[in-house]
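The values are calculated or read from the model by the stated rules, or taken from the named source; none is laboratory data. Quantities reported herein were computed from a predicted structural model and do not represent experimental measurements. So basically every Cβ, Gly included, is an ideal-geometry build from the backbone, and we count neighbours across all protein chains shown.
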């Protein structure tokens, strides 16, 4: 292996001498590093299971050289311009590097300020405690539930179905109710009277008769209750906004022109 | 003089002999690494408590439910810290991953947004343990390690001309060369760092391309992020990583995800550099457990293991024994049955009588270039269950008595679970329909793809079909799957981890189908319409993942109950899959019984099949027949072919009505017809962990076959 590299090294050196001899300096110099070649050859070996022969080595290196030439010619022709994907990758790479550079713990005043500015984020949603009778859509849920709501006020036995996700729900918020019972059901819960059997209410699984026994108001917690979370969120925001700050810093140096008359 | 010469010959001889012995002993072609492995890389046993002091929301924690709730999550997620994620153009962090799971939108490397329809209950970031954080450091030219020559290929990885389609060759090449040990080069044998590695009990220190500090800080960040996002009662995270190993000879995939029970974890992950043998991983887990740190590991992509994941012999080719079985089950109670890279339930060649066996089959070995066929036998879960029974029959213990989960294996931090909104998993390589082969390539992309495949000595991977030329890079065998689900009292680490341990879990291909499964005697005495159904079933029977012991030779009965996902298609049927060893012939057998049918239909007692419920899919717009299918299915079932002496397992498969596959959605959205040769529709499904029926101690004398039994293991 070493010998082959040496051979190319010598060839390269000869070319280099000729190059100097012709006194032809410009940006048309291509240096292929040893490691570039060895890593390609190792990759070749791990694919094919043997060392490449001389012809194959020549081809690998030739391909590498040609790729580099095409790359440079493409740059000259400006093929990297106006290419969304190339731009986006470069932009992503820069923002990624910027994000990495933040890691200082915020002071307690900064935490307080952040908390006060973002109170909504820490709002504890209202919570409901309810029980329900379920009537499966597999078994005539509409009629049975309509009968049941009358029976329940007539103190009669209710013949309902078990619900796979359970019967009693304690201190659950509307999001959780939505995930378990669907959007329209959670909307009905929201406007429902307490301590009273109400129904039938439709869900994707059938009909329900619902009894809400407790409602806890939503509230804004004290900062001490959520301090750690505030810190996490502030650090996260800083990581996210590092790129924004960088942009603001540098954006003023740019003039941006957009055609105000463009219609589409 | 002569004395000295003899001494030198002796030393050299001893050295060669040691290497030789080590090679034979640990079965690894990297003698020096092997030598270190004998030291067990003890540095990976140091325990660190990564917990953050979190007081959040302790006041809004829901009440535990003794009848247990189903919780859904993903235990297989990669971020920028995985060596290949960075190669795939991924720069999103573990924090991004957890925010996605909680319902926020995150960005795909190609720039579009990914968002869940509803948040998940738990999530575990599991980056590749080996070289964790390293590739990112190579690419960042401000780090010291990036100045080394081995880091150079990564410098220009995302360089100007690296477009999506045509960079496939190079990107895959780097992926393979990392796995193929191009940069895993140890220092030369005389180097002082080798001694240092030896004395610090850390094999990784022997590698030139390894920087322990970068590695540790990446791991610490993974742990920090998990602990910060863990919100007991509402959202659970686990510290975890992927142990990415394979067999030395044929590249059989032996990947496993490891998750930690609490905020305590080892100072670094145990990786394939410590050992490529999964049995050594279990030893490490056992030793951590002695120190009070519990973990479980979960194999995945057995389908791409070329029969190695569920072998009938050990990694080194020895006979399996009770000790092996116990060790494996102690550490690996669960297996990931489905994910983006295909489903590993069973294969049409293994289960020719199962009409649903040809489902999301991926038939190549993981990471193989060029793609190489993966042998079905030994690669699928159902056969492993049967082989486990056979091993138990020959008194070798049952190492294949695992429960089931699904997960996604996403490499872009976001699970892709929805067929109609699919981004696959490897970022730039398969993030758009052209690249993943569901719509024809544009002309310029055809030429580029071919050129690059040629440049990297790969077969030309395009194919010309009726509608044009398609990328044929294997991504068509991938899909939008899967989810892990567990029945637990509450959404906390303790409660979920306990559910994983007792295997009270099920897997789905993405939708949130939920399924209850109980086995026992006289369960038909329970009223299926009673509110106390679940609590009675728990007290009278056993649930998924458990053993059902013979009880006076009674015939077992099973209660099965499934609820649809309100955002997916209605249910079509529930099946129970039974596998057993026939005591007369010694043969493993399997059978699929439809036990509950939608729309009030009944299974045919002869064929055990539900009649067609008439559900169809319109391939032109992916609409499905309305008013067909069930929102829930529920029944009690008695095995009509039960034999008291046959060891058996039973698991549930719930099928939805058919819907469009992602490849059909892709094509329709781009104005094409679905690509020919691919399944146009799929039936999303859920699988429960099995219940194992344990007969009375057999009076039949099992005569061990030569060499397969070690006498000390016979009771």
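At pLDDT below 95 and closer than 24 Å to residue B:510 by Cα: is that true of residue B:356 in this structure? So residue B:356 does not fit the description; no. Out of B:713, B:618, B:657, B:627, one residue alone is at pLDDT below 95 and closer than 30 Å to residue A:136 by Cα. It is B:627. Listed by position, the strands (runs of 3 or more DSSP E) contained in the range B:444-496 that have at least 2 residues being within 29 Å of residue B:665 (Cα to Cα) and free of Cβ contacts under 8 Å to residues at least 12 places away in the same chain are B:462-465.
Tell me, which helices (runs of 4 or more DSSP H) wholly within the range B:80-139 include 2 or more residues that are under 18 Å from residue B:416 (Cβ atoms) and within 10 Å of another protein chain (Cβ to nearest Cβ)?
On the way: elements: B:83-87, B:94-101, B:134-139.
Result: B:94-101.
Entry remark, the range B:553-580: residues being away from every other protein chain (no Cβ under 14 Å) and more than 27 Å from the chain's Cα centre (by Cα) number 6 in total.
For the residues B:457, B:445, B:472, the requirement of being out of contact with any helix residue (DSSP H, G or I) (no Cβ under 6 Å at 6 or more places or on another chain) and surrounded by fewer than 24 Cβ atoms within 10 Å (Cβ to Cβ) singles out B:472.
Is it fair to say residue A:88 is surrounded by 13 or more Cβ atoms within 10 Å (Cβ to Cβ), over 30 Å from residue A:220 (Cβ atoms), at the interface with chain B (Cβ under 10 Å from one of its Cβ atoms) and at pLDDT below 90? Yes: the conditions hold for residue A:88.
Could we say that residue B:352 is without any contact (Cβ under 8 Å) to a residue 12 or more places away in the chain, surrounded by fewer than 24 Cβ atoms within 10 Å (Cβ to Cβ) and part of a loop (DSSP other than H, G, I, E, B) here?
Working: without any contact (Cβ under 8 Å) to a residue 12 or more places away in the chain: yes; surrounded by fewer than 24 Cβ atoms within 10 Å (Cβ to Cβ): yes; part of a loop (DSSP other than H, G, I, E, B): yes.
Judged against the criteria, residue B:352 is a match.
Of all positions in the range B:414-434, at least one carries a residue that is touching a residue at least 60 places away in the same chain (Cβ under 8 Å), assigned to a helix (DSSP H, G or I), buried (at least 21 other Cβ atoms within 10 Å of the Cβ) and on the phi > 0 side of the Ramachandran plot.
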